[in-house]
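Every number in this text was worked out from the coordinates using simple rules, so none of it is lab data. A quick note: this is a predicted structure, and the numbers were derived from the prediction, not measured. No Cβ is skipped: glycine too gets one built from the backbone with ideal geometry, and neighbour counts run over all protein chains shown.
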Amino acid sequence: MSQSSMSPRERPNEPTPLNRAPAAPARPAEPAPAAPAAPASPSAPPREEALAAPAPRKRSGLSRFVLLVVLPAAAVVLGTMWWLSGGRYVSTDNAYVGADKSLITPQVTGAIVAIHVREGQHVDVGAPLFDIDPAPYETALTLAQGRVAAAKVEFSDLQASYASNEDQIRMGEEAVELRQKDYDRKFNLMKTGAGTAADLDTSRASLVMYQQILAFTRYMQQTTTIKLGGGPNASIDTFPDYIQAKAALDDAERNLRNSHIVAPIAGVATQVDQIELGRVAPAGQAVFAIVEDRGLWVDANPKESDLTYVRAGQPASVTIDAFPDRQWKGRICSIAPGTGAQFSILPAQNASGNWVKVVQRVPLRFCFDPSESTEGLRAGMSAIVSIDTGRTRSFGELVTAPFAWIESWFVSPSAAKTAAP
């Protein structure tokens, strides 16, 4: 129960003006005892430093100035410098080391009887690689040599026949002349009645026989001339039978020579384990390869949009992924006349079906400087090519670039072409 609800009987005796005691005289206030002074601490700031508390406000103003003025200005300056120096270098990581490769392909068929190279061995030009059984080709060579000798003998016989035919023709002409005179004499005697018809017939038969012999000899002489290839003074090199025999001999010598396979280029032999002794190597089928370790290059495939200022002969540099701390100098020695898609096995058919524009890549070749050492590089290694186009930007382009960008967004190419004078 609250105090306000208590009855008068239950309330305690409260002082009234009648029963209140007289007030005691007021005592003067005594000063409070002073707190003991704290001991002086060496780290306590002096009174002057305590009075200089507003200093953090000045530091805050300096920070605000750096954040709002200095840093944006520095960003603008650095961005402008970056833009002015940008666009000069074109780089791509779609690049790989290239080297000449030669597939070792036997030109003749035969069993492998000797192997002179091993996997990873460096070989020079003309170094022996392996041998194919030469026995069949030695036999073919001997046969071809015999045919050449027979052709020479036949040529000599034809020359002798030509000379003999010349003598026979001369003798035949003299014999025909004598038989003609004898026939004429007997014909005249027959007219005068001093000769008989039998003598005239005998003389006529003899004349006809010698004429036929002379004609046959002349025919044989023509045949001999044709076989000799032009006459007695013709060279044996124009004799048809000798030409055929000599060609067969050259082919036999080439086949025998090709049974001994040598290195066509200097480089490193690879995939040598594919050949084995006794295996029959078919002609025209590659058995292993040699990769040249000198005269390397880098084939790069930059985007077509990056080739605006790229030209053949420009200086460039290459970094190989296997040697990230080293850089090779060189130049762009060639640029392909078309994109890679133009020379693919299945070129794109852009006129059929749905078409999606894809950025094309144009192959180009980087050639190392002659002073650069390519030792340690291998064909197929990944590389990064950086081309110095020599292009520089100006402040004028910096001013006009935003307007050109806005125009490209708000002005269509057709409208721009129509508005052009």
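If the chain between Gln180 and Ser344 were fully stretched, how many nm would it gain, using 0.36 nm times the residue separation less the Cα-Cα distance?
Separation in residues times 0.36 nm, less the Cα-Cα distance, equals 50.5 nm.
To the nearest whole percent, what portion of all C-alpha pairs in the range 136-256 is separated by more than 24 angstrom?
Distances greater than 24 Å cover 53 percent of the Cα pairs.
What distance in nm lies between label points placed 7 Å from Cα along the C-beta direction at Lys152 and Ser382?
6.6 nm
Loop-only check: which trypsin sites (Lys or Arg not before Pro) in the range 306-412 are DSSP coil with at most 12 other Cβ within 10 angstrom?
Answer in residue order: Arg311, Lys357.
List the pair-distance distribution P(r) of the range 110-149, using every Cα-Cα distance, as the percent of pairs falling in each 5 Å bin from 0 up to the bin containing the longest distance, rounded to whole percents.
6, 19, 18, 15, 14, 11, 10, 5, 2, 0
Using a simple spin-label model with points 7 Å from Cα along the Cα→Cβ vector, what separation in nm is obtained for Ala198 and Asn354?
Distance between label points: 11.8 nm.
Can you tell me what the convex hull of the Cα atoms of the range 305-372 projects to on average, as an area in nm²? Please report the intermediate quantities before stating the final value.
On the way: hull surface 27.4 nm².
It is 6.8 nm².
Multiply the residue separation of Ile243 and Thr400 by 0.36 nm, subtract the distance between their alpha-carbon atoms, and state the gained length in nm to one decimal.
48.6 nm
With +1 on each Lys and Arg Cβ and -1 on each Asp and Glu Cβ, and nothing else charged, work out how big the dipole of the range 136-256 is about its Cα centre, in Debye to the nearest 20.
Result for the range 136-256 is approximately 500 debye, rounded to the nearest 20.
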